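Report on the structure given below.
The values are calculated or read from the model by the stated rules, or taken from the named source; none is laboratory data. Just so you know, these numbers come straight off a predicted model, no measurement behind them. In this analysis, Cβ positions are derived from the backbone assuming ideal geometry, glycine residues included, and neighbour counts consider all displayed protein chains.
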């Protein structure tokens, strides 16, 4: 086994990295539950909404992820933790969460060639869900949330608190 295979293989098998390795079609409700189980072992200090985020509150998860993403020197494992909460909400069907996962994957596309393809899968999933909602006669469900990149631009660096992660051993 090469060193590269050793480094890459664990990330695909760990739930907190799935958001950047699997398309929307490849993840389902069982995966969201497994991601949430993994998230229960993690705390992000300075984020009072974190418990709600890991329980499925998409707005809280997106807020945490925005604050983490705005940090310029934030380590990838911290981003994985925050984005996993968003991904779980996206898998559960939240339109804003799907759009935000797509947005963050497009940002990764600058250095991760597969990320753009994954982003397109989340955008397609959002469009399919909106079409399905319209077919059911539920236009309110079909309205997509404001693109998350607008939220990132509005959030000033002075509004970002320091982010620290406490990863506890599974007990």
Quick check: anything in the stretch 10-17 at pLDDT 90 or above, farther than 15 Å from residue 98 by Cα, in contact with a strand residue (DSSP E or B) (Cβ under 9 Å, 6 or more places away or on another chain) and surrounded by fewer than 20 Cβ atoms within 10 Å (Cβ to Cβ)?
-> no
Does at least one position in the stretch 20-30 carry a residue that is touching a strand residue (DSSP E or B) at 6+ places or on another chain (Cβ under 9 Å) and either under 20 Å from residue 116 (Cα atoms) or at pLDDT below 95 (or both)?
-> no
List, please: which pairs have Cβ atoms under 8 Å, are six or more places apart or on different chains, and start with a residue in the stretch 129-146 that is over 17 Å from residue 92 (Cβ atoms) and end with one that is assigned to a helix (DSSP H, G or I) and modelled with pLDDT under 70?
-> 131/142; 134/142
Report whether or not residue 131 is assigned to a helix (DSSP H, G or I) and modelled with pLDDT under 80.
-> no
Check off (1) in contact with a strand residue (DSSP E or B) (Cβ under 9 Å, 6 or more places away or on another chain); (2) at pLDDT below 95 for residue 47 and give me the number that stays unchecked.
-> (1)
Count of residues meeting criterion [more than 19 Å from residue 33 (Cβ to Cβ) and either part of a helix (DSSP H, G or I) or in contact with a strand residue (DSSP E or B) (Cβ under 8 Å, 6 or more places away or on another chain) (or both)] in the stretch 57-86 | 14
Can you name every residue in the stretch 39-71 that is closer than 20 Å to residue 105 by Cβ, touching a residue at least 40 places away in the same chain (Cβ under 8 Å) and crowded, with 20+ Cβ neighbours inside 10 Å?
-> 39, 62, 66, 67, 68, 69
Could you grab me the full set of residues in the stretch 93-116 that are part of a loop (DSSP other than H, G, I, E, B) and under 12 Å from the mean Cα position of the chain (by Cα)?
-> 94
What's the number of the condition residue 89 fails, among (1) modelled with pLDDT under 95; (2) not in a loop (DSSP other than H, G, I, E, B)?
-> (1)
